[in-house]
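Engineer: The structure is given below, and queries will be raised subsequently.
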Amino acid sequence: MVFLSSVAAAPLDVRVIDNIEVAAEMNSSYSTTYTMNITTFINISNNGNDDLSDIWIAIDMVNNVSELTLYYNGSSSNVLITGNASYATDATYGNLKTAGADVFVHIPILRVGEKVSLFYDVDDSKYGVPVLVDESYNVSKVPAKKTVSWKVYLNLSANSSAIPSGANLYVNLTKYLSNDTANFGSDNWTVLGPIANALELSSHGVSFTVWNGPYTSGNSDALNVTSSTGANLTTGPLNITFDVSGKSNVEARSSLEKFGFAVVYFKIDKNYSGAGIVDVYATGPARIQVTKEGPNSAMEWNESVNITNTAQGVTYVIRNVTLWAVPVVTGGFPDLTSVISGSYQTFSPGVTVAPGGNWTSAKYSFTYDNIPVIWANMSFELVQGATGYQILEETVNEYNDTYGSSYIVVEKIIVIGSYLIKATKYVKPAGGNLYDIYLVVENIGGERSPVVWVYDLVPQNFSVVNKMNVTQASMLRTNNSGNANFWWTVNQTNPGLGYKEGYAWELNPIEPNADGDGNYSDTAEISANQSVVIYYQVQGSGDYRLTEAFIVGVDPILSMNMQSSPRITIVTGSAARNYESLFALATGLLLTGAVVVRRR
Amino acid sequence: MRPLSLILIVIVTLNAVHAQEAWVEEIEMYNLSISVDGGVKVISRITLKNLISKPIVPGLVEFRIQRQVPMKLLIFPIPFTSDKKPVKISNVEAKTADGKEIKVDIKNHEDYTSLICQIWYPIEPHANLTFLLSYSSEDLIEKGILFSEIAIPIGTDMNIKKLTVTTESKLKKTYEVLPSPQIPAGGITFYRAEFSSLPLPKVGMPWSYLIWGLILFVTAGIIIMSKRRS
């Protein structure tokens, strides 16, 4: 899955590519851990039909923690890297802008199809991760030893504080289920997949393709989430959801199990690190001709210069031209510095000359009574644009041979191998201002639970009326109410948070393998002590708020309910030692021994 | 920090299992205030923080208090031995920081004593609840001839983000080792101190070893010298 370049190539292509390696690890606690590494590459390619020469690139490196280094030299010459700005200025006749550049690269010849690549490492601590991943599940834990299904909510968003201003960030992704330990999976999954019910909750118009991935033995265990250009996260986050099924044989009480990974492909149409190409200078095939006419009777000579673009596909801009004449030296080489008076002409035409085109200077006259030799030189360079050079910036995910992108989001969910308590609360109108409250406490794990505490709060302007009981009655471990109609272990008035009363029930251990449907009339599970139902009735009066009744807590820690408060155990005491009596005894024995010896 | 054997190891093991689970609470602040006189009075001021977006009820908070002392031959301690015992506790009192009552049950087990606080006050999402538990015990101090030692372990099955210890005594504190300021779930740390009625400065090691070692050394020296003269 790759992104197509939307920019046509110019003959000389200078591209700054920030290559970002990112890894994210999701946890059931809804936290994400990121690691990131940024490397800036500068790729110089001759995509045209003409050999190019004397290429100079002035580069502004930003937050680099290494020097600019040659990564690949596919040119027909050596590549020079220098920090000497005046050297670069001289070599380009002052046509290369050097202000703001840290380093200069010179490629003497870059023939058709050749490429040079350079790179430097960027200080990653200066940048945030471009694509943020937020993943959650509709359950925080799943039981082992039974096939369960959970819904994954995956949110990808642009880290707006990190990506460059005005940039667009495009993503596609592929989700893989895996029970292969070598590929971000856990072999505790005996069944994993299929992926089902994929749905976009945002409006990027992504399409979903479920296919048979390589990391489980099952089918429909991979999901492509794509659009032709990629979802543009700068216009809003990409929210998707899908269902995952699995069965784990985890034996441990609690284990954070990897169940696969998502591969994120991203592209930003700007440079991420802020590095920049300050200027580019390059030349190509050209011809320069001088014309000498004369002399006339007054010994006046005419001189002119003609410059022809002999390239097939590049356009030049002619910068500086100098024209001058020196005396001929019979049998020797003329002295180039003996300029004949009136012959020296210098000008900056600034004209562009297309392939095959030419430019001719005006004719300039000078007087000389002997034979002059006419000289001309020039500087020219490729224009910036489609027939010259182009500077492009982009940021892409680092390529990974195995997965396509190095941006791997590892996904985990807590699997409970022993017991797992789920509490469901129902508040049902019972006529008038009466409401039935059902607390259904189920053990959906594979082992008998320990003692379970269930907590509930009664809001203000409600009163518990008529009755309160536990089914089965034998499951209430401690009843401290002293009232045959109201069963509870603890009753606390004004427990805080504006609630009127708090109740707690200490339940005997609950048998395993309830189905977890929260059904308060499942007589089979209730009679098997897999499910315990606490029932009571409240009556509202005055300005009561029913929504405040939707609160429930369970203890112990292995609970589906996030509001579970585990029993807290604090260890303290004393481990002090004092050996003074032993020291005193040793001293006394020593003295006694000395006295005995002395008397003898 | 180091493990404290038996019951503490049980907690450490249990929490190694839970290490990657979603925590719903943590101890944001644990202040241990220790008054040393004839015995020791301990006031634990604990701030529980609700880490989730729903109210939670702390429910039962159990303090397991154990005394580990060397075995003794008559009145003399035997080095490198350890005996685990419950602790005699008196004057137990618990309340929230704003004065609301907390019921405490005391249970003596074979080798430790439990103080079980019942905290039925909900904590709002991401809010705190601070409670205090105080008790006195003469078992928490090891008295010698010239010096008294305390070594109090502190550990729990959830993260302690900040631990502080303060002491108060009419006696001079002659030696002190502060505990770790943060304890991960299942970890344990110790506060150690030595007190004496002698006005001695802190020298980085317990004076009880230094003085008695010195007495033993001088005594042996005098005996050897006098034997040589004779």
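The values are calculated or read from the model by the stated rules, or taken from the named source; none is laboratory data. Keep in mind the model is a prediction, meaning the values are calculated, not measured. Don't worry about glycine lacking a Cβ; one is built from the backbone with ideal geometry, like all the others, and counts go over all protein chains shown. Just the protein is used for accessible areas: all its heavy atoms, side chains included, with ligands, DNA and RNA removed. Shrake-Rupley method; radii C 1.70, N 1.55, O 1.52, S 1.80 Å.
Engineer: Given the criteria assigned to a strand (DSSP E or B), small (Gly, Ala, Ser) and modelled with pLDDT of 90 or more, does A:Ala282 qualify?
Structural biologist: Yes, satisfied.
Engineer: Across the range B:164-223, what is the number of residues that are within 20 Å of B:Asp37 (Cβ to Cβ), hydrophobic (A, V, I, L, M, F, W, C) and in a strand (DSSP E or B)?
Structural biologist: Residues that pass the stated criteria total 3.
Engineer: Do any strands (runs of 3 or more DSSP E) lying entirely in the range A:289-400 carry at least 1 residues that are within 30 Å of A:Asn183 (Cβ to Cβ) and modelled with pLDDT under 95, and which ones are they?
Structural biologist: Of the strands (runs of 3 or more DSSP E) lying wholly inside the range A:289-400, those with at least 1 residues that are within 30 Å of A:Asn183 (Cβ to Cβ) and modelled with pLDDT under 95 span A:389-397.
Engineer: Suppose we filter the range B:175-190 for residues that are hydrophobic (A, V, I, L, M, F, W, C) and over 11 Å from the mean Cα position of the chain (by Cα); how many remain?
Structural biologist: 4
Engineer: Answer yes if at least one residue in the range B:203-218 is away from chain A (no Cβ under 11 Å), farther than 23 Å from B:Ile89 by Cα and of a type in the set (A, V, I, L, M, F, W, C), and no otherwise.
Structural biologist: There is at least one residue in the range B:203-218 that is away from chain A (no Cβ under 11 Å), farther than 23 Å from B:Ile89 by Cα and of a type in the set (A, V, I, L, M, F, W, C).
Engineer: Would you say A:Val250 is hydrophobic (A, V, I, L, M, F, W, C), part of a loop (DSSP other than H, G, I, E, B) and either farther than 20 Å from A:Val396 by Cα or modelled with pLDDT of 95 or more (or both)?
Structural biologist: yes
Engineer: Quick one: A:Thr69 ticks every box in (1) out of contact with any helix residue (DSSP H, G or I) (no Cβ under 8 Å at 6 or more places or on another chain); (2) under 30 Å from A:Tyr170 (Cα atoms); (3) buried (at least 17 other Cβ atoms within 10 Å of the Cβ); (4) modelled with pLDDT of 90 or more except a single one, so which number is it?
Structural biologist: The one condition A:Thr69 does not meet is (3).
Engineer: In the range A:162-199, what count of residues is obtained for those that are within 17 Å of the chain's Cα centre (by Cα) and part of a strand (DSSP E or B)?
Structural biologist: Qualifying residue count for the region: 7.
Engineer: Can you confirm whether the range B:4-23 contains a residue that is out of contact with any His (no Cβ under 9 Å at 6 or more places or on another chain), at the interface with chain A (Cβ under 9 Å from one of its Cβ atoms) and either assigned to a strand (DSSP E or B) or modelled with pLDDT of 90 or more (or both)?
Structural biologist: no
Engineer: Still on this structure, I have one more. Please state which one of B:Leu73, B:Leu129 is surrounded by 19 or more Cβ atoms within 10 Å (Cβ to Cβ), facing another protein chain (nearest Cβ under 10 Å) and out of contact with any helix residue (DSSP H, G or I) (no Cβ under 6 Å at 6 or more places or on another chain).
Structural biologist: The match here is B:Leu129.
Engineer: Could you tell me whether B:Ile152 is within 8 Å of chain A (Cβ to nearest Cβ) and either more than 27 Å from B:Glu26 (Cα to Cα) or assigned to a loop (DSSP other than H, G, I, E, B) (or both)?
Structural biologist: Considered against the rule, which asks whether it is within 8 Å of chain A (Cβ to nearest Cβ) and either more than 27 Å from B:Glu26 (Cα to Cα) or assigned to a loop (DSSP other than H, G, I, E, B) (or both), B:Ile152 comes out as no.
Engineer: Sticking with this one: May I ask you to list the residues in the range B:61-70 that are in contact with an Asp or Glu (Cβ under 9 Å, 6 or more places away or on another chain), closer than 18 Å to B:Val92 by Cβ and open to solvent by 10 Å² or more (accessible area, probe 1.4 Å)?
Structural biologist: Across the range B:61-70, the qualifying residue is only B:Arg67.
Engineer: Taking B:Leu48, is it at pLDDT 90 or above, facing chain A (nearest Cβ under 9 Å), more than 18 Å from the chain's Cα centre (by Cα) and buried (at least 18 other Cβ atoms within 10 Å of the Cβ)?
Structural biologist: Answer is yes for this residue.
Engineer: Related question: Of (1) at negative phi; (2) open to solvent by 10 Å² or more (accessible area, probe 1.4 Å), A:Asn461 satisfies all except one. Which?
Structural biologist: Just one mismatch for A:Asn461, condition (1).
Engineer: Related question: Restricting to the range B:138-149, what's the tally of residues that are of a type outside the set (D, E, K, R) and either more than 8 Å from chain A (Cβ to nearest Cβ) or under 14 Å from B:Leu60 (Cα atoms) (or both)?
Structural biologist: 0
Engineer: Here is a list of conditions, (1) open to solvent by 70 Å² or more (accessible area, probe 1.4 Å); (2) in a strand (DSSP E or B); (3) out of contact with any Phe, Trp or Tyr (no Cβ under 8 Å at 6 or more places or on another chain), and B:Ser134 meets all of them except one; can you say which number that is?
Structural biologist: Here B:Ser134 meets the rest and fails (1).
Engineer: Could you check, for the range A:507-520, whether at least one of its residues is open to solvent by less than 40 Å² (accessible area, probe 1.4 Å) and within 19 Å of A:Asn466 (Cβ to Cβ)?
Structural biologist: No, every residue in the range A:507-520 fails to be open to solvent by less than 40 Å² (accessible area, probe 1.4 Å) and within 19 Å of A:Asn466 (Cβ to Cβ).
Engineer: Which residue is farthest from the other protein chains (Cβ to nearest Cβ), if the candidates are limited to the range B:101-126 and must be over 20 Å from B:Val42 (Cα atoms) and open to solvent by less than 20 Å² (accessible area, probe 1.4 Å)?
Structural biologist: B:Ile123
Engineer: From A:Gln492, A:Gln537, grab the single residue that is modelled with pLDDT under 90 and outside any loop (DSSP other than H, G, I, E, B).
Structural biologist: A:Gln492
Engineer: Still on this structure: A:Ser53 is checked against (1) surrounded by 19 or more Cβ atoms within 10 Å (Cβ to Cβ); (2) in a strand (DSSP E or B); (3) of a type in the set (Gly, Ala, Ser) and fails just one. What number does that condition carry?
Structural biologist: Checking A:Ser53 against (1) surrounded by 19 or more Cβ atoms within 10 Å (Cβ to Cβ); (2) in a strand (DSSP E or B); (3) of a type in the set (Gly, Ala, Ser), the one that fails is (1).
Engineer: Identify, by number, the condition in (1) in contact (Cβ under 8 Å) with a residue 24 or more places away in the chain; (2) assigned to a loop (DSSP other than H, G, I, E, B) that A:Asn480 doesn't meet.
Structural biologist: Tallying (1) in contact (Cβ under 8 Å) with a residue 24 or more places away in the chain; (2) assigned to a loop (DSSP other than H, G, I, E, B), A:Asn480 fails exactly one: (1).
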